[in-house]
1. Taking A:ARG177 and the conditions (1) facing another protein chain (nearest Cβ under 8 Å); (2) in contact (Cβ under 8 Å) with a residue 60 or more places away in the chain; (3) not in a loop (DSSP other than H, G, I, E, B), which numbered condition does it fall short on, given that it satisfies the others?
2. Of the numbered conditions (1) hydrophobic (A, V, I, L, M, F, W, C); (2) open to solvent by less than 10 Å² (accessible area, probe 1.4 Å); (3) within 13 Å of chain A (Cβ to nearest Cβ), B:ILE228 satisfies every one except a single condition; which is it?
3. Provide a single number: the residues in segment A:382-416 that are within 24 Å of A:VAL324 (Cβ to Cβ) and open to solvent by 70 Å² or more (accessible area, probe 1.4 Å).
4. Looking at (1) closer than 27 Å to A:SER173 by Cβ; (2) crowded, with 17+ Cβ neighbours inside 10 Å, which one does A:PHE334 not meet, given that it meets all the others?
5. For residues in segment A:105-118 being facing chain B (nearest Cβ under 8 Å) and in contact (Cβ under 8 Å) with a residue 24 or more places away in the chain, which is surrounded by the fewest Cβ atoms within 10 Å (Cβ to Cβ)?
6. Among the residues of segment A:123-173 satisfying the criterion of being outside any helix (DSSP H, G or I) and small (Gly, Ala, Ser), which is farthest from the other protein chains (Cβ to nearest Cβ)?
7. Got a sec? Which of A:LEU68, A:LEU74 is modelled with pLDDT under 90, under 18 Å from B:GLY212 (Cα atoms) and among the hydrophobic types (A, V, I, L, M, F, W, C)?
8. I need a count of the residues in segment A:447-473 that are in a loop (DSSP other than H, G, I, E, B) and either at pLDDT 90 or above or over 18 Å from A:ALA335 (Cα atoms) (or both).
Amino acid sequence: MTNAAISRSGAATAPDGAPVLTVQGLTVSVKTEDGLLPLVSDLSFALARGETLAIAGESGSGKSITSLAIMGLLPPPAVRVTGGQIHLGTTELTGLPEAQMQSIRGNRIAMIFQEPMTSLNPVMSIGRQLTEAIEAHEVLSRTEARTRALSALTAVRISQPERRLHQYPHELSGGMRQRVMIAMAIALRPDVLIADEPTTALDVTVQREVLDLLRDLQRDMGTAIILITHDMGVVAEMADRVVVMQSGRMVEHGAAGAVFHAPQQPYTKALLAAVPRMGRGVGAAAVLPGGAPVARLRGLQVRFDLRGGLLGRVTHHVHAVEGVDLDIQRGETFALVGESGCGKSTLAKAMAGLVKFDGQIEIDGTSLAGLGRAQIKALRRNVQMIFQDPMASLDPRMRVGDLVAEPLVIHGIDDHARREARVAALFDRVGLSSDQMYRYPHEFSGGQRQRICIARALALQPKLIIADESVSALDVSVQARVLDLLRALKQEFAIAYLFISHDMAVVENIADRVAVMYLGQIVEMGSRAQIFGNPQHPYTRRLIEAVPVPDPGHIRPPQSRFSGEVPSPMRAVGDTPQRLALQDIGSGHLVAP
Amino acid sequence: MAAYLIRRLIQAALILLGVSLVTFFLLYLLPADPVRQIAGRSATAQTVQNIREQLGLDQPFVVQYWRYLSGLVQGDFGRSYLQKSEVAVLIWARLPASLLLMAGAISCELLLGLTMGIVAALRRGSMTDQSLMITSFIGVSAPQFVVGLLLLYVFAVRLGWFPIGGYGTFRHLVLPSLTLGILGSGWYSRMMRSSMIDVLRQDYIRTARAKGLARRRVIFRHALPNAILPIIAMIGIDIGIFMGGIVVVESVFGWPGIGQLAWQAIQRVDIPIIMGVTLVSACAIVLGNLLADLVTPFIDPRIRLR
C-alpha cells in the first residue's frame with residue numbers, strides 16, 4: 001500500500017527521509033481598513049511521510065488559517081498569503097494557478113473538517129459525493145468510481161457500506177458522517193491529510209473510534225497527517241510532533257513527549273496546566289447539609305410525539321427522558337453526563353419548566369406540576385440556566401448591563417437605580433468591570449460572554465443553576481477560569497448546580513455527585529469518587545476509558561473495539577422501554593443491572 | 001404520501017369554501033347595483049324589481065349564498081348577467097391564454113431573476129452586483145402598467161420588433177410575459193442572491209472545493225440545488241401575485257385571458273363572472289402551492305411529506 005502511494009505521487013515525492021510538505025516563513029494576513037493585519041506570522045515546519053504533526057492552540061491562534069492556506073482555500077479576497085512558501089514535495093503551492101491547485105486539492109492533499117453535520121452536501125447522496133471526488137482527479141467509469149467509493153467506505157469501517165452509498169447525509173449520525181468525510185479524503189490516497197478538529201463535534205466514544213481509525217489508516221497508507229486541535233488529550237494520543245501556536249505565532253515546536261513532559265515556553269506550560277485531567281478531582285466532595293433537597297425528581301418522563309398517517313395521529317414517541325429519579329442537594333454540584341441524544345438537556349428543560357413532562361419535579365419543596373403561569377414564573381426565580389453558546393444566548397442588540405438586569409425587570413425587582421447597582425456588583429463578582437455594562441455582546445471574548453451569562457443567571461439569586469454544556473465551547477485556559485468562578489460562586493451563594501456535560505474530565509474536576517444517562521435513563525449515579533474510582537456500569541466505563549489522556553506516555557488498556565451507534569430513543573406507540581431499577585451497591589452508589 | 005395528498009386536497013377545498021364565502025359577502029355589500037346595469041337607465045321600477053326577483057337578488061344573503069354554493073358543487077358557476085352565457089364556458093374559453101401568459105411570465109422571471117441573483121452573489125460587492133441589484137430594485141418598484149406601456153413604446157412602436165397587442169404567435173407572447181416577469185425577476189434575483197450567498201458560506205461548499213472540484217461544478221452541482229430550495233416555495237406563492245398583475249397586463253396588451261374578462265366584469269358589476277374568476281384564481285394559487293410542496297422532496301431528500 002505504501003508503495004502505491006509513493007509511486008503515484010510522482011515527481012513531488014522527495015527521497016526517503018525528506019519532508020513531504022514544508023512550510024517556510026508562512027505569513028497570512030487579512031486586509032482591514034488599517035492595512036494588513038497578520039493572522040499567521042512567520043510559521044515554519046516540515047512534515048515527513050507517515051508522520052503526524054499536531055498544530056495545537058486555542059481559538060484565534062491561526063491554526064485553522066494555516067490549514068486553509070496549505071489547501072489554497074483562504075477566503076478571498078480579504079485573507080491571503082503575504083509571505084513565505086509552502087512546498088509539497090518540490091511544488092511550490094502559494095503561487096500556483098487555481099487550475100493546478102485544483103488538481104492537488106483532494107488528490108495530493110486532502111482535508112477533513114470539524115463539523116461533520118454541515119460538511120456534507122445535504123441534497124446529494126453519499127455515493128455521489130464520494131464518486132465525484134474520485135472522478136475529479138481520475139478518468140474512470142461510473143462503475144469503477146463506485147467500486148472505489150465502496151472500498152473507501154469499507155476502509156473507514158462504516159457499517160453496511162453499500163447501503164450508505166444511496167443514503168443522504170441527514171440519514172447518518174455525526175460519527176458516520178465524519179467517517180464518510182474521511183473516506184472521501186482518503187479515497188485518492190493523498191500524501192498529506194489535514195484534519196481540522198476532526199473529533200471536536202463528536203461524542204467521546206465516537207471520538208475514540210475516529211481517532212483509532214485515523215491512526216490505522218495512516219499505518220496502512222503511510223499518509224502524513226496534520227492534526228489541528230485544541231484538545232491536548234487528542235494531541236498526546238496522536239501526534240509524533242507538536243507545534244504550539246498562539247496569536248498566529250509558533251511558540252513551541254518539538255517531539256510530542258518533550259513538549260508534554262518538558263515544555264519550554266510559559267504559554268505551553270500554562271496551556272498544559274489548564275487541561276482538565278482525569279484522576280485529579282480538586283478537593284473532597286462538598287459535605288452536604290441535610291434537609292430538603294433543592295430539586296427532587298420522581299419518575300420524570302418526557303416524551304415527544306411523532307405524527308403520521310391521514311389524520312396525523314401519533315404513531316411514535318421519542319422517549320427523551322424515561323423515568324428519572326434524583327435529588328439535588330443544597331449547595332452541591334450534580335453532574336449529568338451522557339452522549340448526544342441521551343436526554344440530558346431535555347431533563348434540564350423540564351426542570352426549568354420549558355417542556356411538558358410527566359412525573360414529579362419539586363423545586364425547593366414546591367411541585368412544578370399543575371402550576372399556573374404566575375406560579376411557574378415565580379418558581380423560575382429559583383432555577384436559572386446557562387447555555388453552551390454564550391454568543392447565541394445574548395441578544396446582540398442589547399447592552400450587556402441590560403441583559404443582566406432583564407431578569408430583575410421581568411420579575412419586578414427593585415427600581416432602576418438599585419437594579420443598576422446590583423448589576424454593577426454582579427459584574428464585579430464575575431470578574432468583569434462595571435464600566436463594561438454599557439457595551440454590546442460582540443465586544444467581548446467567549447469567556448467574558450459566558451461570565452455575562454453567569455451574572456445574568458445569578459441576578460435572581462436562584463437556588464439552582466442549570467449549566468448545560470456551559471464550558472464546552474471555551475478554550476481550556478478560559479474554561480479553567482470559568483470553572484473556578486462557578487466553584488467560588490457556589491460556596492459564596494450556596495447555589496446548587498446541575499452541571500450537564502459530555503466532558504468526563506471537566507465533570508471529574510467540578511462535580512460532587514455524578515449521574516450517567518443513557519437513552520433517557522440513569523444507568524449509574526453516585527459520588528464523584530464512586531463513579532470515577534469504581535465505575536460499575538459498562539457504559540460508564542466506556543465513557544471514562546474513551547477520554548483522551550493528555551500524556552503521550554499513557555498506555556491505553558486494550559479494549560474491545562466497540563462499534564456502533566446508540567440505539568434510537570424513538571419507539572412505536574405502546575412499545576415502552578423497560579425501566580431500569582437502580583440498585584444501591586453501598587453508600588448511595590446506584591447502578592442499573 | 002397518498003395520505004398527505006388527501007389531507008392537502010381537503011384543506012384546499014376548505015380554503016376555496018372560505019374564499020367563496022368572503023368574496024360573495026363582499027360583493028353582496030357592494031353599493032353598486034347589478035340590476036341597474038342590466039336593466040339600463042330607462043327601465044321602470046317594475047322591470048328592475050322583476051329582474052331582481054328573477055336573479056334571486058331580493059333574497060337574504062344566506063339564501064343567495066346557499067343557492068350559489070349548491071350550484072358550485074355541481075360545477076355550475078352560474079350565468080353571466082350581461083354576456084348571456086355560462087360563466088364556466090366564458091372562463092374555460094379564456095383560461096388557456098392566461099395559463100400561457102403565466103407560463104411565459106414564470107419562465108421570464110426565473111430565467112432573468114435566477115441568473116441575476118447567481119451572478120450578483122458570485123460577484124458580491126462588485127460593481128456588477130450593485131448594478132444588478134439596482135436593476136432589480138427598479139423592476140420591483142415600477143408599476144406594471146408603466147413597464148408595459150414602456151415596453152410597448154420601445155419594442156413595438158419604435159423598433160417594431162413585436163406586435164402591439166393581440167394573441168396567437170410566440171411574438172405576441174414576449175412583451176406581456178416580460179412585463180409580468182420583470183416584477184417577479186426583481187424579487188427572485190434578490191432572494192436568489194441572498195440564498196446563494198448563504199449557501200456559498202456553508203461548510204459543504206468548502207468541502208466541495210477541498211475535493212478539488214472545478215469552480216463551475218461547485219456552483220452548479222453543490223451551491224445551486226441548495227440555494228434554489230427556498231425559491232421553489234416562492235413560486236407557489238407567486239401565482240397569487242400573478243393573478244393581480246394579469247388583470248392589468250392583459251388589458252394593456254389586449255390579451256384575451258381571464259384577467260381581461262375580470263376587468264370587464266368588474267366595470268359592469270357582473271357578479272357571477274367576478275365570483276368565477278376569483279375562485280379559479282384561488283384554485284390556481286392553492287394548486288400552485290401544493291405543486292411546489294410536492295416538488296420539493298425531489299430536490300431536498302430531507303423533506304418527507306406526511
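1. (1)
2. With (1) hydrophobic (A, V, I, L, M, F, W, C); (2) open to solvent by less than 10 Å² (accessible area, probe 1.4 Å); (3) within 13 Å of chain A (Cβ to nearest Cβ) applied to B:ILE228, the lone miss is (2).
3. Count: 2.
4. (1)
5. Applying the filter and picking the extreme gives A:GLU115.
6. The selected residue is A:SER159.
7. A:LEU74
8. 5
The values are calculated or read from the model by the stated rules, or taken from the named source; none is laboratory data. For clarity, every value in this text was computed on a predicted model and none was experimentally measured. Reconstructed Cβ throughout: ideal geometry from the backbone, glycine too, with neighbour counts over all protein chains shown. Areas reflect the complete protein model, heavy atoms only, side chains present, ligands, DNA and RNA absent. Shrake-Rupley method; radii C 1.70, N 1.55, O 1.52, S 1.80 Å.
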